[in-house]
Amino acid sequence: MTPENRPIFRHAWVQLPYYAWLVFLWMLLWGQFTWLSLVTGILVTIFVNTVFRLPNIELSGRLSLVWSVVFAAQFLWAVMRGSLHIAAQVLDFRKQPSAGIVGVKLPQADDLLMTHVSVVCSLIPGSLVLEADRATHTLYFHVLGIKNEAEAEAFRQQVLQWERRVVRAVGSRAQNEWMKQHEEELTAPDAGKAV
């Protein structure tokens, strides 16, 4: 293999999970897992990625199986706890549920990590991403049940904790090292506060 061909193969290898995900979504869309839907999914994926070219998604190429299982368990627990918390707020007729807008500045400047964190936090009942400021790496959430600054700060710490969990599960080695070096800063009371 010549040196000029290596970047093409590397690019294809790095993008393989993305392409596989698109093919899987295509098969889910049609509700059938047949050879025909697999082949048409591959063709549609190639067509979409050729005609509607987007910037390449640089995946870390790393997956920690142990931390991914821990992440999945923590995520399922958070979804269940969030559902019960929202149900309790809705069923409590004595008071109107409160809500607030909370900005969280993510310490690591990575678009894919920012997307992972925003999706995870939006899937947990009680919060929804309203805006993602790419320039400052800040996510703005609409959060149910926020009554004061202390609760907003507790929510910020939860988002930063989810960022650390995502990095442990699928982050690059550089992101993991950075997180370990800055552990004290990340757990400080004013960490993640949007200016």
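The values are calculated or read from the model by the stated rules, or taken from the named source; none is laboratory data. Remember, it's a predicted structure, so these values are computed and weren't measured experimentally. So basically every Cβ, Gly included, is an ideal-geometry build from the backbone, and we count neighbours across all protein chains shown.
Overview of results
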item	result
Count - residues of region 9-40 that are at pLDDT below 85 and either outside any helix (DSSP H, G or I) or over 22 Å from Arg62 (Cβ atoms) (or both)	0
Of all residues making up region 136-149, the number that are under 16 Å from Leu112 (Cβ atoms) and among the aliphatic types (A, V, I, L, M)	1
Lone unmet requirement of (1) assigned to a helix (DSSP H, G or I); (2) loosely packed, with under 15 Cβ neighbours inside 10 Å; (3) modelled with pLDDT under 85 for Glu4	(1)
Total residues in region 105-129, condition touching a residue at least 24 places away in the same chain (Cβ under 8 Å) and either among the acidic types (Asp, Glu) or loosely packed, with under 14 Cβ neighbours inside 10 Å (or both)	3
Ser68 vs. criteria in contact (Cβ under 8 Å) with a residue 60 or more places away in the chain and not basic (Lys, Arg)	yes
Subset of region 130-140 [closer than 13 Å to Phe155 by Cα and without any contact (Cβ under 8 Å) to a residue 40 or more places away in the chain]	Leu139
